[in-house]
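The values are calculated or read from the model by the stated rules, or taken from the named source; none is laboratory data. None of the values given here were measured: they were computed from a predicted structure. For neighbour counting, all protein chains shown are included, and Cβ atoms are generated from backbone atoms with ideal geometry for every residue, glycine included.
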Amino acid sequence: MSDIKAIDREYVAGTYARFPVQIVSGKGSLVRDENGKEYIDMGSGIGVTAFGVADDEWQAAVTAQLGKVQHMSNLYYTEPCALLAKVLCERTGMKKVFFCNSGAEANECAIKAARKYAAEKKGAEYYTIVTLQNSFHGRTLTTLAATGQEHYHELFQPLTPGFVHAKAGDLEGTKALALEQKAAAVMLECIQGEGGVVVMDRDYVQGVAAFCAEQDILLIVDEVQTGNGRTGALYAYQNFGVTPDIVSTAKGLGGGLPLGAVLLGEKVQNVLGPGDHGSTFGGNPVCCAGALSVLNRLDGAFLAEVRAKGEYVKAALAGAEGVEGVSGLGLMLGVKTVKPAAEVVKTCMENGVLCLTAKDKVRLLPALNIPTELLDRAVAVIKAACAD
Ligand code: PLP
């Protein structure tokens, strides 16, 4: 055990069950531990380093901005923030963007915007947010309440009131719950990431969107994990043929720097006014410069490659010994294994491949530009770990 692991265990709050590996450097989809052992990174910091570790183009964009101004209060205009908001709106059709620092904060803002919209439009009693069972929306007290998994709630009561959880796929049940609870919004992930890479049924998502539009209930899509090219579309909702009122995102947006964003559609574009919300670091120029470099590279051809790579991995793993199935879209994949997922991940790590778990699945979220040659090598290691 190196000193760093011991120091970490002694002084860092024990909220993470860390693997016994210290990552010290890397390039692209290859990272090295403290002993110089190399790994293929199939997790990208849980879907964060969209172009891998220390990507040249991203690094140049970030360091150029670092040399100009690393932070400025939101009381002043800064270029990266304005340009990033413009790109996000132009690429999605959304109208305005609020910047924050994380996924949970993006969802907090989305919820505040929905509640204010509904309170002004329909009355103060229209505050409930319907989310889905098995969802994950973050770890603040409000986003925990939004998260439809009881085990996260247990020791943190009372959570923010005003959240109910519908059964994913049950359109009539979702509608009934939303009406009965006087919902301000329905919030969902198109693919439940932490819930085990569970892809929502397209008809269900479209049914919820149509119902929300009809009832003037807002549709919030949580794209924290699925967003920014991860599923082979810029945002996963674009695969489902729906137009949300609010989109929250984070993780891959900054390419490795903390940045969250809430995209506000037509109906809610002006709902948040001065003083309604804010964040000291939100829209930080360095993070936004990193995000601009990420988004500028996520063009149609690149996204088609993400989809192709995803299909390639799916085909390679589906039907392999010890693999029960592969779920997901693009480079957000969940592998249902015969062996416990944690055991497979451990074997992969020993053999130089870093994977994640999500519930009972091995979860793969590699960098979006992972070379096919590394994907091949990683798939071979994963297959062997599932089989032996
Ligand atoms: N929403 C979804 C769908 C997520 O997957 C996550 C994190 O895994 C969050 C929200 C919370 O994001 P953060 O950890 O950046 O607060």
Quick one: Gly196 ticks every box in (1) on the phi < 0 side of the Ramachandran plot; (2) surrounded by fewer than 22 Cβ atoms within 10 Å (Cβ to Cβ); (3) among the small types (Gly, Ala, Ser); (4) within 15 Å of the ligand (Cβ to nearest atom) except a single one, so which number is it?
-> (1)
Being of a type in the set (Lys, Arg) and at positive phi, is that true of even one residue in region 217-237?
-> no
Within region 124-135, how many residues turn out to be closer than 18 Å to Asp276 by Cα and touching a residue at least 12 places away in the same chain (Cβ under 8 Å)?
-> 1
Subset of region 109-140, residues of a type in the set (D, E, K, R) and either more than 26 Å from the chain's Cα centre (by Cα) or more than 16 Å from the ligand (Cβ to nearest atom) (or both), comes to Arg115, Lys116, Glu120, Lys121, Lys122, Glu125
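Let's see how each residue does on (1) away from the ligand (no atom under 16 Å from the Cβ); (2) farther than 23 Å from Leu329 by Cβ; (3) among the basic types (Lys, Arg):
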{"residue": "Leu159", "(1), (2), (3)": "no, yes, no"}
{"residue": "Val164", "(1), (2), (3)": "yes, yes, no"}
{"residue": "Gly173", "(1), (2), (3)": "yes, yes, no"}
{"residue": "Ala184", "(1), (2), (3)": "yes, yes, no"}
{"residue": "Asp203", "(1), (2), (3)": "yes, no, no"}
{"residue": "Ala213", "(1), (2), (3)": "yes, yes, no"}
Tally the residues that are hydrophobic (A, V, I, L, M, F, W, C), surrounded by fewer than 24 Cβ atoms within 10 Å (Cβ to Cβ) and in contact (Cβ under 8 Å) with a residue 60 or more places away in the chain, restricting the search to region 216-254.
-> 2
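Yes/no per residue for (1) assigned to a helix (DSSP H, G or I); (2) in contact with a strand residue (DSSP E or B) (Cβ under 6 Å, 6 or more places away or on another chain):
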position	(1), (2)
Ala6	yes, no
Arg9	yes, no
Ala13	no, no
Val31	no, yes
Ile46	yes, no
Val62	yes, no
Val69	no, no
Going by the conditions given, is Val313 farther than 18 Å from Tyr235 by Cα and either in a helix (DSSP H, G or I) or small (Gly, Ala, Ser) (or both)?
-> yes
More than 16 Å from the ligand (Cβ to nearest atom), of a type in the set (Asp, Glu), more than 30 Å from Ala378 (Cα to Cα) and part of a helix (DSSP H, G or I) - does that describe any residue in region 72-91?
-> yes
Pairs where the first residue, in region 99-110, is within 14 Å of Ala145 (Cα to Cα) and the second is part of a helix (DSSP H, G or I) and more than 7 Å from the ligand (Cβ to nearest atom), C-beta under 6 Å, 6+ apart | Glu108/Thr142
Among the residues of region 141-157, which ones are among the aromatic types (Phe, Trp, Tyr) and more than 14 Å from the ligand (Cβ to nearest atom)?
-> Phe156
Can you confirm whether region 69-78 contains a residue that is modelled with pLDDT of 95 or more and under 23 Å from the mean Cα position of the chain (by Cα)?
-> no
Of the residues in region 1-56, those that are within 16 Å of the ligand (Cβ to nearest atom) and over 21 Å from the mean Cα position of the chain (by Cα) come to Ala13
Somewhere in region 75-88, is a residue exposed (fewer than 12 other Cβ atoms within 10 Å of the Cβ), over 26 Å from Gly260 (Cβ atoms) and not hydroxyl-bearing (Ser, Thr, Tyr)?
-> no
Which one of these does Ala289 not meet: (1) more than 15 Å from the ligand (Cβ to nearest atom); (2) of a type in the set (Gly, Ala, Ser); (3) in a loop (DSSP other than H, G, I, E, B)?
-> (3)
